[in-house]
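Inspection log for the structure reproduced underneath, given as structure tokens.
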């Protein structure tokens, strides 16, 4: 019966999660108007610095091992915060792009499609990067490559800007702070 | 429906509506399947069945499965063992149809995004394989201690099927929520009905397959039947009631310094 209990608990949790997602989806539909305010600027330069392997190598050569681990973990925590924010921004941009997909203007719809695809790629890469960052926090001496995330974020910013221009040429757009 | 003790047939005029072969029991077995058959017919008439071909097949399969199993269960001259033989076979067919249906739902949700189409395929393949191994491991531990092996085997098969189905549907909902994917209204309804039904069926079949609540099996049957009824009503709503499309305002992008942004972007591109 232990197996049955495990499966019953798993089933109940799954049902709660599915219903939770379904309810959240319907609530999100009604709150699309405030999407833009959810975007948080990301300081790409600071992110680049934190992700720079040369910086890590420099710190490794200068600091005692225990001290390096401590500093590296702190840097990784900061890096994770940046990635999470970038990922959240991408999620908001997916929804903004999807709203614009229905536009009658072909150029706007195309830009929206591009934005959605790039934002989805960033979202996927952000999840992947977070896994690697958390793994690196467990083993601080390991190497970490987060550069692809940064490149994707740069591309995403360009796509968002293009969409913003097409939709409303008078309103300035920014999703990254340089 | 899925009773091992099926001596009492026809409509029972017992004290409890929660007994097997009570009016409620008959209603819960008959109504949702007739409704599902009717839904299939409506989809056909509206020409929507081409868009949801696998669900259409699933709906008709359920209706036909009922049309075969219900008389076998009710007609007292047919041995109970025959019911379970037919049930075991139809469960196998149902499993195949449900997996194809879920695969179609994954393709529909992820396939419209170039960036995620490949990920969607990977998810269903790997998660499906992992869930199948898990289901096999759970099934292997369940007791098969009945003279008619296909009775406990049917329980185990149902348990295994719902481990995989509920796991895949959960994965679908969680990943779609993570990526903020926009669902097709009807596909969402199909997945929701399937998910709700699969989770409840997983719990009840897990208890049955592992020999739990032996004296209260009829209650588990009723829970399964009632849940399937709810799922059918969900499918009716999402497939027949048009989506109320809220007029979305043109996305107001955040106010910011475009000039500075442009200048810095160009500087980056020139590096």
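What the table below lists for this structure:
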item	result
Single residue of B:233, B:225, B:202 found to be modelled with pLDDT of 90 or more, surrounded by 21 or more Cβ atoms within 10 Å (Cβ to Cβ) and more than 9 Å from chain A (Cβ to nearest Cβ)	B:225
Test: residue in the range B:93-113 that is farther than 28 Å from residue B:60 by Cβ and either buried (at least 18 other Cβ atoms within 10 Å of the Cβ) or away from every other protein chain (no Cβ under 14 Å) (or both)	yes
Those residues of the range A:93-113 which are in contact (Cβ under 8 Å) with a residue 40 or more places away in the chain and surrounded by fewer than 18 Cβ atoms within 10 Å (Cβ to Cβ), in sequence order	A:105, A:107
Qualifying residue in the range B:89-105 (condition: within 23 Å of residue B:159 (Cβ to Cβ), touching a helix residue (DSSP H, G or I) at 6+ places or on another chain (Cβ under 6 Å) and at pLDDT below 90)	no
Where residue A:146 falls short, out of the listed (1) modelled with pLDDT under 80; (2) within 13 Å of chain B (Cβ to nearest Cβ)	(2)
Residues within the range B:67-92 that are over 17 Å from residue B:201 (Cα atoms) and assigned to a helix (DSSP H, G or I), tallied	16
Residue check, residue B:160 within 12 Å of chain A (Cβ to nearest Cβ) and over 23 Å from residue B:89 (Cβ atoms)	no
Residue that is farthest from residue B:191 (Cα to Cα), among those in the range B:205-222 that are away from chain A (no Cβ under 14 Å) and in contact with a helix residue (DSSP H, G or I) (Cβ under 8 Å, 6 or more places away or on another chain)	B:218
All positions within the range B:176-199 that are touching a residue at least 40 places away in the same chain (Cβ under 8 Å), assigned to a helix (DSSP H, G or I) and within 8 Å of another protein chain (Cβ to nearest Cβ)	B:176, B:188, B:192
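The values are calculated or read from the model by the stated rules, or taken from the named source; none is laboratory data. This one's a predicted model, so the numbers in the text were calculated from it and none came from an experiment. Cβ: placed from backbone, ideal geometry, glycine included. Neighbour counts: every protein chain shown.
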